[in-house]
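Engineer: Have a look at the structure that comes next, please.
The values are calculated or read from the model by the stated rules, or taken from the named source; none is laboratory data. Because the structure is a prediction, the values reported are computed rather than measured. Cβ placement follows ideal geometry from the backbone for every residue including glycine, while neighbour counts extend to all protein chains displayed. Only protein heavy atoms, including side chains, enter the accessible area calculation; ligands, DNA and RNA are left aside. Shrake-Rupley method; radii C 1.70, N 1.55, O 1.52, S 1.80 Å.
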Amino acid sequence: MLAPEDIRRRAQKRYADYLRSLVDGTPFFPLPVGFGKPSPTEDFEKLRREINALTKANLGCQIEWVEVNSRRWGKQRLPERVTFADENSYLRTLGKAKEAARFRDNLELTRGRCATLISFLRDRPLEVVEFAESWPGLIEVCCYLQLHPRPNIYARELPLSVDTKFVEHHQSVLTRLLKIALPKDVVVETGRFEEQFGLRFDEPQVRVRLLDESLRTQLGMTFNDFSIPIKQLQNLGWEKLRVLVSENKMTFLTLPNIPRAIAIWGAGNAAALLHSASWLADCDLFYWGDIDVQGFEILARLREAFPKTQSMMMDIATMNRFRDLCCPGVISKAQIKQQLTGAEEKAYEIAIKSNLRLEQERIPNQFAENIIWSEFPPNSS
């Protein structure tokens, strides 16, 4: 036989269904609760204690009793069925009267201001309960972006009654809401919230060096070392350049002069930052990173966007030459061999099997310059 707490738990499991009934306007009561019947072999004293506990619990539900006559117990009055007759008794038992009232208020608010989100309340009623206090603000954000899709302003500039951190603090639930509230053609499927819904954000900066002084005139630049937001980098439209991507800042800063070349500091995120800079496909692209699993993963992802990308000093010869400079690497299960050349793959396999990393800044500067100049002779063009 179920104890009072068991009955509460079973009633609680139906709470989401109850909230859905409010959304759909469908009958939910009376609500029967499955109730275990006493076993003929059950200890009578234990049974009597359970019956007394159920009687005194004041659960708010209706208990239907039946008289039974058995050889083991004689004539006894036993509970047969438990039912919540109405909403008040059900919510009182769960202690959720105020919560349900707030859900009703938010339901009416949604119907009145943003009816397209009714499906969200039906599908995720407990999430609406979780964000009950914030719900009016969430609706306000959705309504504004319905009227002003992809506004190209920062979230703090939205003319709303909520505080300036509201959107930032509610990005997860807003993502789910806005994908329902907004037309599909105004939502961009990407990882970042602001990009999805047309808001501005503090874009990553990409640092660039001109390794050929003559490029300043050719490219119309007044300086040879600068940082630029990634979207502006995408629109540069440069072509027929040599582009050397270096992951480490100090190796980036100490790259020698190279004819018709620029350098980009990858900062450990080159593939993600550069994949949308389509003009790189019209350049000779080189990548120099650590000889370790993560370095080869970045190289492989860069080749997914730019298949002709060449590596520098990321081969088995370099690794063998400076094996004594290696340090422990970070284990990864990524499968990238199909993106690597034979010499790269051999170095990659050693990095995996021996868990090694040859950091590019550990490679002596003179050796690196000699390799670079052998690839790009100072007088070449």
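Engineer: Which pairs have Cβ atoms under 9 Å, sit 6 or more apart or on different chains, and link a residue in the range 167-191 that is open to solvent by 30 Å² or more (accessible area, probe 1.4 Å) to one that is of a type in the set (Asp, Glu) and assigned to a helix (DSSP H, G or I)?
Structural biologist: Pairs that qualify, where the first residue is open to solvent by 30 Å² or more (accessible area, probe 1.4 Å) and the partner is of a type in the set (Asp, Glu) and assigned to a helix (DSSP H, G or I), are GLN171/GLU194; ARG176/GLU127; VAL188/GLU195.
Engineer: Looking at ARG216, is it open to solvent by 40 Å² or more (accessible area, probe 1.4 Å) and under 25 Å from the mean Cα position of the chain (by Cα)?
Structural biologist: When the stated conditions are applied, ARG216 does not pass them.
Engineer: Where the second residue is modelled with pLDDT of 95 or more and exposed (fewer than 14 other Cβ atoms within 10 Å of the Cβ) and the first is closer than 13 Å to PHE103 by Cβ and polar (S, T, N, Q) and lies in the range 16-34, which pairs have Cβ atoms under 9 Å and are six or more apart or on separate chains?
Structural biologist: SER21/PRO27
Engineer: Given the conditions (1) surrounded by 15 or more Cβ atoms within 10 Å (Cβ to Cβ); (2) within 34 Å of the chain's Cα centre (by Cα), which single one is not true for LEU211?
Structural biologist: Condition (2) is where LEU211 drops out.
Engineer: Working only within the range 109-128, note down all residues that are of a type in the set (A, V, I, L, M) and either open to solvent by less than 20 Å² (accessible area, probe 1.4 Å) or in contact (Cβ under 8 Å) with a residue 12 or more places away in the chain (or both). Can you show your working first?
Structural biologist: Here is the first cut: in the range 109-128, the residues of a type in the set (A, V, I, L, M) are 109, 115, 117-118, 121, 126, 128.
Answer for the range 109-128, where residues must be of a type in the set (A, V, I, L, M) and either open to solvent by less than 20 Å² (accessible area, probe 1.4 Å) or in contact (Cβ under 8 Å) with a residue 12 or more places away in the chain (or both): LEU109, LEU117, ILE118, LEU121, LEU126, VAL128.
Engineer: Looking only at the range 292-310, decide whether some residue is in contact with a helix residue (DSSP H, G or I) (Cβ under 7 Å, 6 or more places away or on another chain), among the hydrophobic types (A, V, I, L, M, F, W, C), open to solvent by 50 Å² or more (accessible area, probe 1.4 Å) and in contact (Cβ under 8 Å) with a residue 12 or more places away in the chain.
Structural biologist: No: zero hits.
Engineer: Also: With the requirement that a residue be open to solvent by less than 40 Å² (accessible area, probe 1.4 Å) and part of a loop (DSSP other than H, G, I, E, B), what does the range 132-150 give you?
Structural biologist: ALA132, SER134
Engineer: What are the residues in the range 313-371 that are in contact with a Cys (Cβ under 9 Å, 6 or more places away or on another chain), under 21 Å from VAL245 (Cβ atoms) and not basic (Lys, Arg), if any?
Structural biologist: Matches in the range 313-371: MET319, ALA351, LEU358, GLU359.
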